[in-house]
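Please read the structure below before turning to the comments.
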Amino acid sequence: MIDVSIVIVSYNTAGYLRDCLRSLAEDDGAPSHEVFVVDNGSRDESVAMVRAEFPEVIVVETGANLGFAKANNVALRQMRGRTALLLNSDTIVKPGALQSMLSTLDAHPEAAAIGPRLLNQDGTLQPSCYRFPSPGRAFRDQLFVTAVLANNPRWGDFRRWSHDTIRNVDFVIGAALLVRAEVISSVGMLDENFFMYAEETDWMYRMHKAGYTVLFTPEAEIIHYGGGSGKAVADRVFVEFSRGQRRFYRKHYGKLGEACLIASLVLGALIRVPMNALIALLLPAQRTKAWSIVKLWMRILMWNLGIWRSPGLCPSS
């Protein structure tokens with residue numbers, strides 16, 4: 001059995017994908033692995049590029065945009081590794097990162113999965129660790145309680161943590177996530193009812209409920225550009241993120257939990273829209289940022305009140 005099955009879902013990201021695959025190929029110290037590229041109906045040269053430049057990579061063409069969860073599952077059903085690495089196409093894996101993640105996971109048998117230290121393109125830290133969503137946390141976030149008490153073990157989160165130690169976290173973002181194959185067999189694969197966003201949160205929530213932990217390690221570093229396939233479809237990204245949030249709350253907290261999420265977001269908009277409009281009017285240096293926040297929260301408000309719906313490319317939830 002090989003050590004790692006690397007699964008990369010790609011949707012019109014040929015340039016990013018080439019750099020990602022090149023970074024994997026250039027890591028001479030990487031553990032034994034196989035690489036799947038699951039192409040979600042790309043219209044660029046992604047598939048041809050992979051087959052021409054990386055003939056060792058297993059290419060799976062779905063023929064359509066199946067979403068993140070379903071596309072990953074296509075490869076997870078074929079994997080031969082004792083672990084699986086879900087890896088975004090807009091990443092650069094630094095030398096030694098893959099072996100470091102695997103070694104740390106092997107040293108912690110209680111952990112189901114592990115995430116690396118993510119970096120922005122300029123080398124600065126990209127926060128990647130979060131607490132699980134809940135109705136109470138939704139209201140605390142919108143009332144700024146989480147921000148004020150960020151270091152509080154009960155009420156806070158990881159936003160002021162420097163991501164410089166190995167520690168248990170609730171969940172890490174799915175840009176780079178190494179999971180044990182035995183855990184996938186135990187808790188199941190990604191929930192395909194999630195099209196894009198919140199599926200990894202749901203997965204790690206299920207891992208925690210099954211008695212496992214999730215680790216973060218700073219000893220493995222991966223550059224994550226972020227939004228590689230979503231920049232050209234900003235409305236679609238907003239819609240799918242919003243749907244993913246709703247679906248997570250509805251699945252784990254029921255309709256009442258989903259109603260709490262909606263109420264908290266409406267409350268957040270009613271606080272942030274006038275506050276940032278005032279900042280834009282009084283502080284010229286902050287005007288551009290403030291107005292962008294106003295526009296975002298107006299969109300959130302209209303979405304959650306059912307006033308605005310951007311046309312999605314998949315069935316609504």
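Laboratory data are not the source of any read-out in this text; all were calculated from the coordinates shown. Not measured: the values here are computed from a predicted model. Positions of Cβ are backbone-derived with ideal geometry, glycine not excepted, and every protein chain shown enters the neighbour counts.
A few comments on the model shown:
- Linear extension gain, Ala64 paired with Ala52, 0.36 nm per residue minus alpha-carbon span: 2.2 nm
- Applying 1/(1 + (r/R0)^6) with R0 = 45 Å to the Cβ-Cβ distance of Ala285 and Glu45 gives a FRET efficiency near 0.55.
- Taking Glu110, Glu258, Glu200 in turn, the Gaussian network model of the chain (Cα-Cα springs below 10 Å) assigns the largest fluctuation to Glu110.
- About the centre of its Cα atoms, the chain shows a dipole size close to 1640 debye [charges on the beta carbon of Lys, Arg (+1) and Asp, Glu (-1) only; nearest 20 debye].
- On Cα atoms only, tilt of 287-304 relative to the major axis of the chain in degrees: 90
- Most mobile of Glu199, Glu45, Glu61 in a GNM of the chain (Cα contacts under 10 Å): Glu45
- Global form of region 121-259, assessed from the alpha-carbon gyration tensor, a/c cut-off 1.5: rounded
- Between Leu85, Leu301, Leu17, the Gaussian network model of the chain with springs among Cα atoms under 10 angstrom shows the greatest mean-square fluctuation at Leu301.
- Over region 21-98, relative contact order from alpha-carbon pairs under 8 Å, at least 6 apart, %: 42
- In terms of distances greater than 25 angstrom between alpha carbons, the cross-link table entries Lys70/Lys251; Lys209/Lys251; Lys251/Lys289 yield Lys251/Lys289.
- 3J(HN,Hα) couplings calculated from phi for region 208-223 with the Karplus curve 6.51 cos²θ - 1.76 cosθ + 1.60 (θ = phi - 60°) are, in sequence order, 4, 5, 7, x, 8, 10, 10, 9, 10, 10, x, 7, 10, 10, 9, 7 Hz; Gly and Pro show x.
- Residues with amide H under 5 Å from that of Ile6, placed H, sequence gap 5 or more: Glu34, Val35, Phe36, Leu85
- Phi-based couplings in Hz for region 170-175 (Karplus 6.51, -1.76, 1.60; Gly and Pro marked x): 5, 7, 10, 5, x, 4
- Each Lys or Arg adds one and each Asp or Glu takes one away; over the other residues whose Cβ falls under 9 Å from the Cβ of Pro95, this sums to -2.
- 0 to 90° range, to nearest 10: angle between helix 14-25 axis and the chain longest Cα axis: 50
- Amide H contacts for Ala111 (H built 1.01 Å from N in the peptide plane; partners 5 or more residues away or on another chain; cut-off under 5 Å): Thr213.
- The stretch between Asp28 and Glu192 holds 55.6 nm of extra length on full extension. This uses 0.36 nm per residue minus the Cα-Cα distance.
- For the pair Leu278 and Asp106, label points projected 7 Å from Cα toward Cβ lie 5.8 nm apart.
- Close amide H contacts of Leu119 (hydrogens built in the peptide plane, cut-off under 5 Å, sequence separation of 5 or more or a different chain): Gln126, Ile222, Ile223, His224.
- Each stretch of four or more DSSP H residues adds -39500 (n - 2.57); spread over every residue of the chain, this sum gives -13500 deg cm²/dmol at 222 nm.
- Mean-position separation - Cα centroids, region 133-159 and region 46-95, in angstrom: 35
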